[in-house]
Every structure is written in C-alpha cells, then in structure tokens.
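Visitor: There's a structure below that I have some questions on.
The values are calculated or read from the model by the stated rules, or taken from the named source; none is laboratory data. Keep in mind that this is a model prediction, so the values were computed, not measured. Note: ideal-geometry Cβ built from the backbone for every residue, glycine included; neighbour counts use all protein chains shown. Areas reflect the complete protein model, heavy atoms only, side chains present, ligands, DNA and RNA absent. Shrake-Rupley method; radii C 1.70, N 1.55, O 1.52, S 1.80 Å.
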Amino acid sequence: MANSIKNICCIGAGFVGGPTMSVIAEKCPHLKINVVDINSERIKLWNSSDLKNLPIFEPGLENIIKVCRGVNLTFSTKVEECIAKADMVFISVNTPTKTKGIGAGQASDLKWVEACARQVAKNACGHTIVVEKSTLPVKTAEVIKKILEDAQDSGNKDSKISFDVLSNPEFLAEGTAIEDLKNPDRVLIGGENKSAILTLDKIYRNWVPKEKILHTNIWSSELAKLTANAFLAQRISSINSIGALCEATGADVREVARAIGTDSRIGSKFLDAGPGFGGSCFKKDILNLVYLSKYFGLNEVAKFWEGVVKLNDWHKHRIPELIVKKLFGTVTGKRIIILGFSFKANTNDTRESSAISICKDLLEEGAILKIHDPKVTKTQIERDLGISEKIIPDKIDNQKRYDFEGSWSYVQEFINSFEDADAVVVLTEWPEYAEINWEIVANKMRKPSWVFDARSIVSSKEVINSNINFWKIGDGSIR
Ligand code: NAD
Ligand code: UGA
C-alpha cells in the first residue's frame, strides 16, 4: 500500500533538482516542495523576481516558476528545517569524478551524497523515504542505508525515526529538461520495499502513464542509469569515428547516418556527428562504469567503455588540429570567430563543453579568438578557459597582430564580429547561426577566409558561393 505524503524536500538546486521539482510542483499542487541548497548565491537566483536571472536556462522553466514559486514550491538554504518537515527527501547533489585519492580520474566523488545522508540521518523526523536522484555508482544505496540505519538505532526511542531508500535516476537532457520531465520515455524506481516504491509511483502517476513507470531492484536501477548514458555516448563516439573516415574517403556522415538510422534495429536518434560530446555527465558516468568494472575484475569490460571516452578526447583535439592545418599550418596572430560555447543549444551549461578544449588548443597555437554564445556569460568563459578576456580592436594592423596572440574577447552581437576575421568556427547548434548571410560576412573577412562547421547547421552552398573555403564535420565530398 502506498503511503500518502505531503511534504517533499529536495537537496540540491542544480540542473536536475531545480527543473525536476518544478515539474513535480506543477503536476502535484497538493504537495509542498522545498528545494534546498548550501549555495546561497544559487538560491538567491532561484528566488529572483526577474525570471531571466534564474540560475539555469531551460525552455519552459520560467513559466512553471512563475506559477508555483511561493505557492507550493520554495527555494532556500534551510536544509535542516526542510528535511525535518519532509516525508520524502530527494538527494540531487553533484557527483563529479574524483580528482584525488583512490580511483582519482574515474570513480565518482560521493562526499556530497554522504554529507546529505548524514544531514538526513540527523534531522529527519518520523518515517522518511530517501530517494537517490543523483547518478550514483551501483551499491551506493547500501552506504546511504547504513548511515540512516545507524541513526535509527542510536536515536532517542521516543522520536521513532525510520527510513526507506529508493533509487529514482533522472534521464532528462539539458535544453529539453521540462519537456523530458513532462513526457518521459520512462520513470525508473528501484527499491526493496514495495510500499515505498508505490508511494513514489503514486506521485508520478499524477501525469505519467502507468506503463511508463518501471519498478526494478535497487541495483538494476542504479546500473541502468550509468548504462543509458554509456550507450548514448557510445553512439556519438561511433558516429564521430565514422565522420573522420568519411572526411578521408569522400563519404558524407549525414548520408551514412541516414542510411543506417532507417534500420529500425539501429534507429535514427543520437547519430549527429559534432565536435564531441560534452555535458557534465557522459564522461563522468562512463568513467564511473570503467572504475566499477575494474573494481569487479572485469578489465576487458573497462577497456571497452574507456574507448568511448578516448575516442571523444581524440576527436576534440582533431578539430583544432585540422583548423591549423587548413590555415597554412599556423593560426598565430590570426583572428578566429567562435560561434557557440555551451555544450549544446538551449542551455547555458558549459560543463565539459568541447568548445573549452577546442578554444584552449587554438589559444595555445597563438590564435586571437572572439567568442560568442547567446546564453553563456563572459565570466563563465573566463572561468572555463582560465584566461581573462582582453579587449581586442576590430581592426589590427599586421605589425600589431602578434601583440594579441593567444588572447580572446567576448562578443555581444556576433554579427559585428567578422571584420578582418580569418575563420569562423561553429561549435554549438544555436539556430541563429544557421541564419547568417555569408555573402555579407565574406566581404568583411580577410582572404582566404574559412568557415568550419562542427554542427552541420550552415548552408554549404551559401558559404561556398560567397567564396569562403568550407569544412563541414564528416563531409568528405567538399574538396
Ligand atoms: P549541479 O552541480 O548543477 O547541482 C548540485 C547542487 O547540489 C549544487 O547547487 C550544490 O551546491 C548542491 N549541494 C551539494 N552538496 C549539498 C549539500 N550537502 N546540501 C545542500 N546542497 C548541496 O548538479 P546537477 O547537474 O543538478 O546534477 C546532480 C546529479 O544529477 C548528478 O549526480 C548528475 O550526474 C545527475 N544528473 C544530471 C543531469 C543533468 O542534465 N545535469 C541529468 C541527469 C542526472
Ligand atoms: C544526457 C542524456 O541525454 C540524458 O538522458 C541524461 O539524463 C543526462 O545526459 C545526464 O545524465 O546528465 P545531456 O548531457 O543534457 O543529457 O544532453 P545530450 O542531448 O545527451 O547531449 C550530450 C552531448 O552529446 C552534447 O554535447 C551534444 O551536443 C552531443 N550530441 C548529442 C551529439 O554530438 N550528437 C548527437 O546526436 C546527440
């Protein structure tokens, strides 16, 4: 039997906690949802009156915040208080790759998850269902349970605290988070206690059809999340590897993708060649799978999945290398316009964005970069590149060019940035980049000029007709 719950607390107001709880609040007006975070700056932004200042950009999010915030949805730093009130606590904190110690570079750093479990153990009252929303290595539920059970056993007998632990991984993709949450392909709930599973199931049933809610054991649920990301990332490395082969042989990767994607066993999604996968999760989750495989002595399994990340890393360096090659072997003192810095369109997230490593490689080679992104701020780019912006004049005479080598500046209006440029590199598929009038741009650029399209959104015909040299990812037919 499902128990009725009234109060939910979500620990972590990030790219998952924020949108997920917003959609639950919208679909379940009878529930009170408190999202808490230790980052007071982030919470301030979640509470900003101008909805343009929300800490994350997701289409559709503003509308929900407008309706639910202050009604049945709150954002605060009152972690302890909100845990104490809650019948159900979602743990939605970051689980990045460890940077030092055992498993550094592969294993997930679980210190934030453990901290949450301890906070819940200390502050919960009555019966609390603890839900793993963060992506976690298999068997993490065991750790959380142990911490909670110890609190249960050592607590004051009168206070009668008890817990259930569930795994409910999140499959949303950034940029389409709200749509993904409202119409999920599936919702996965893993656990041991039927009643706890049904209690969470009942919340989702407010908008998700019964047949889309899958119940599994807790370890299958934890492992399914890592596996889903590994399979998705594997498709991207596969198509990017074939893209490189297309460039070498005269084939076109889009034609190959269409030809294989019509096979219903393969399917057409996630076959877009690009600058390499980014985002906070693919790399970290595969490396976590690699670590787990090694831990269990499955070295061949580890090597198989490690290959997906290695191919992606190689591919991210391949692009700047070929840019240098095409620009007569040197980009020192050359002006290159970078269009797009987020790891995909419709998000302001830059975590693991291929643009970071591509820009760093070009700066290292001495290029002068002008970087534009409609949603990423100058401060974020500064943080990612680790180099402060330098104001670069629109016109630089040849003698002065080398004063600016290896520096970059931020562009507000990309349309005004092409003056004297040697190359334009499209790294994120923002729709406005598909609308550029290349005839006008060609007149502003220095000759011979180049366009490098890593997202296949620019019209080859228009660029070539404007007498600009053109490279498009995976297109071997352009010579
Ligand atoms: P995030 O870094 O954007 O947000 C995590 C938040 O947790 C931060 O604001 C941080 O301050 C807060 N936090 C950390 N420890 C805390 C504590 N003890 N108490 C209160 N707040 C605390 O991370 P994210 O992108 O939302 O990802 C969260 C989890 O969800 C990760 O495990 C990730 O793998 C997984 N995931 C992410 C996505 C995605 O698209 N970003 C999708 C599916 C799953
Ligand atoms: C991905 C998964 O799609 C989500 O299901 C998962 O919940 C999430 O990771 C997570 O666990 O964090 P996300 O990283 O937000 O979502 O975005 P994706 O659309 O998967 O794109 C990831 C990267 O792959 C982007 O850099 C994107 O440009 C690239 N990509 C995607 C391609 O290069 N080609 C494609 O065909 C698809």
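Visitor: So GLY191 fits all but one of (1) in contact (Cβ under 8 Å) with a residue 40 or more places away in the chain; (2) crowded, with 20+ Cβ neighbours inside 10 Å; (3) of a type outside the set (Lys, Arg); (4) touching a strand residue (DSSP E or B) at 6+ places or on another chain (Cβ under 7 Å); what number is the exception?
Guide: Failed condition: (1).
Visitor: Can you work out which of the residues in region 333-363 that are more than 16 Å from ligand 1 (Cβ to nearest atom) and touching a Gly at 6+ places or on another chain (Cβ under 7 Å) is modelled with the lowest pLDDT? Show your work before the answer.
Guide: The initial filter retains those residues of region 333-363 that are more than 16 Å from ligand 1 (Cβ to nearest atom), namely 333-341, 354-363.
Then keep just the ones that are touching a Gly at 6+ places or on another chain (Cβ under 7 Å); that gives 333, 354-355, 363.
Details: GLY333: 94, SER354: 98, ALA355: 98, LEU363: 98.
My answer is GLY333.
Visitor: Consider PHE328 carefully, then state whether it is under 30 Å from ALA224 (Cβ atoms) and at pLDDT 95 or above. Explain how you work it out, then say what you get.
Guide: Values: under 30 Å from ALA224 (Cβ atoms): no; at pLDDT 95 or above: yes.
Considered against the rule, which asks whether it is under 30 Å from ALA224 (Cβ atoms) and at pLDDT 95 or above, PHE328 comes out as no.
Visitor: Given the condition over 28 Å from LYS52 (Cβ atoms), out of contact with any Ser or Thr (no Cβ under 9 Å at 6 or more places or on another chain) and open to solvent by 10 Å² or more (accessible area, probe 1.4 Å), answer yes or no: does some residue in region 341-358 qualify?
Guide: Start the filter on region 341-358 by keeping residues that are over 28 Å from LYS52 (Cβ atoms), which leaves 357-358.
When the remaining residues are screened for being out of contact with any Ser or Thr (no Cβ under 9 Å at 6 or more places or on another chain), the result is 357-358.
Now restrict to residues that are open to solvent by 10 Å² or more (accessible area, probe 1.4 Å): 357.
Yes, because at least one residue in region 341-358 is over 28 Å from LYS52 (Cβ atoms), out of contact with any Ser or Thr (no Cβ under 9 Å at 6 or more places or on another chain) and open to solvent by 10 Å² or more (accessible area, probe 1.4 Å).
Visitor: Just to verify a result, which residue in region 139-178, among those that are surrounded by 15 or more Cβ atoms within 10 Å (Cβ to Cβ) and acidic (Asp, Glu), is farthest from PHE57 (Cα to Cα)?
Guide: Among those that are surrounded by 15 or more Cβ atoms within 10 Å (Cβ to Cβ) and acidic (Asp, Glu), it is ASP164.
Visitor: Here is a further query. Select from region 265-306 the residues that are open to solvent by 40 Å² or more (accessible area, probe 1.4 Å), within 20 Å of the chain's Cα centre (by Cα) and under 22 Å from SER220 (Cβ atoms) and list them in ascending order.
Guide: Selection gives CYS281 alone.
Visitor: Of (1) within 16 Å of ligand 2 (Cβ to nearest atom); (2) over 15 Å from CYS9 (Cα atoms); (3) open to solvent by less than 40 Å² (accessible area, probe 1.4 Å), ASN94 satisfies all except one. Which?
Guide: (3)
Visitor: Find all pairs meeting these conditions: Cβ atoms under 6 angstrom apart; at least six residues apart or on different chains; first residue within region 378-406 and within 16 Å of GLU365 (Cβ to Cβ); second residue open to solvent by less than 30 Å² (accessible area, probe 1.4 Å) and of a type in the set (Val, Ile, Thr).
Guide: Short answer, once both residue conditions are applied: PHE404/ILE368; PHE404/ILE392.
Visitor: Further question: Across region 85-135, what is the total count of residues that are of a type in the set (Val, Ile, Thr), assigned to a loop (DSSP other than H, G, I, E, B) and under 17 Å from LYS283 (Cβ atoms)?
Guide: Taking region 85-135 as the starting set, the residues that turn out to be of a type in the set (Val, Ile, Thr) are 89, 91, 93, 95, 97, 99, 102, 113, 120, 128-131, 135.
Adding the requirement that they be assigned to a loop (DSSP other than H, G, I, E, B) leaves 93, 95, 99, 102, 135.
Of the ones still in play, those that are also under 17 Å from LYS283 (Cβ atoms) are 95, 99, 135.
Qualifying residue count, region 85-135: 3.
Visitor: For the structure I just gave you, tell me whether LEU136 is within 14 Å of ligand 1 (Cβ to nearest atom) and either surrounded by fewer than 21 Cβ atoms within 10 Å (Cβ to Cβ) or more than 14 Å from THR20 (Cβ to Cβ) (or both). Lay out the reasoning, then the answer.
Guide: On the way: within 14 Å of ligand 1 (Cβ to nearest atom): yes; either surrounded by fewer than 21 Cβ atoms within 10 Å (Cβ to Cβ) or more than 14 Å from THR20 (Cβ to Cβ) (or both): yes.
Considered against the rule, which asks whether it is within 14 Å of ligand 1 (Cβ to nearest atom) and either surrounded by fewer than 21 Cβ atoms within 10 Å (Cβ to Cβ) or more than 14 Å from THR20 (Cβ to Cβ) (or both), LEU136 comes out as yes.
Visitor: Can you tell me how many residues within region 258-293 are touching a residue at least 24 places away in the same chain (Cβ under 8 Å) and assigned to a helix (DSSP H, G or I)?
Guide: Total satisfying the criteria: 11.
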